[in-house]
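Below is one structure, written out as structure tokens, with a few remarks after it.
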Amino acid sequence: MTNPYDNQNPQPEYGQYGQPGQPGQYGQGPYTQPSYPQQANQPGPAVKGFLARLFDLSFDHYVTTSIVKIIFVILVVLQGIWALLFLAFAFDLNPGFGIISLVVAPIAWFLAVLLTRVGLESLVVVFKIKEDLGAIRNRGGF
């Protein structure tokens, strides 16, 4: 099925200062923006493997951003184990303290996970800022 509006051009082509003109002139349309040269076929930074980044003595490539997910999972599991041990010791110490701990332990676990997440996100943001500033420097921005 074909679109009946494919061959229609509702906007006239404009030349300089909004006057109708030849195609290809500056300001072809009322909303035309200048085009910028594309940076095509430029090689990106070489991607190094984990071990190569781990033993990179120049510290140009970082390991932290690639293992931050693993660190988060490990810390959440350890915090979960801490909360369960806290509950077990609380019930072992005193049943009344154990019942109170049934409310306190999940809240403490949630806050610990939240603070861990915020801390790791802050760490990642620092690395992202470094990467973005390096990209700006490579483009000649400053």
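The values are calculated or read from the model by the stated rules, or taken from the named source; none is laboratory data. It should be emphasised that the depicted structure is a prediction, and the values quoted were computed from it without experimental measurement. FYI the Cβ positions are ideal-geometry reconstructions off the backbone, even for glycines, and counts take in every protein chain you see. The protein model used for the area step is the full one, side chains on, heavy atoms only, and it has no ligands, DNA or RNA in it. Shrake-Rupley method; radii C 1.70, N 1.55, O 1.52, S 1.80 Å.
Only one of I107, I81, I67, I74 is modelled with pLDDT of 55 or more and closer than 25 Å to A135 by Cβ; which? Step by step, each of I107, I81, I67, I74 is checked, and only I67 is modelled with pLDDT of 55 or more and closer than 25 Å to A135 by Cβ.
Among the conditions (1) among the aliphatic types (A, V, I, L, M); (2) out of contact with any Leu (no Cβ under 9 Å at 6 or more places or on another chain); (3) surrounded by 13 or more Cβ atoms within 10 Å (Cβ to Cβ), the only one that A112 does not satisfy is (2). The listed residues are L87, L75, L93, and the only one of them that is over 29 Å from S122 (Cβ atoms), surrounded by 15 or more Cβ atoms within 10 Å (Cβ to Cβ) and not β-branched (V, I, T) turns out to be L87. Considering (1) open to solvent by less than 90 Å² (accessible area, probe 1.4 Å); (2) of a type in the set (A, V, I, L, M); (3) farther than 30 Å from S66 by Cβ, the lone condition that L120 does not fulfil carries the number (3).
Taken as a whole, the condition of being within 25 Å of L87 (Cβ to Cβ), assigned to a helix (DSSP H, G or I) and either among the basic types (K, R) or touching a strand residue (DSSP E or B) at 6+ places or on another chain (Cβ under 9 Å) (or both) applies to R117. Pairing residues of the stretch 69-92 that are within 19 Å of V118 (Cα to Cα) with residues that are open to solvent by 60 Å² or more (accessible area, probe 1.4 Å) and at pLDDT 95 or above, at Cβ distances under 6 Å and at least 6 apart in sequence or on separate chains, gives Q79/W109.
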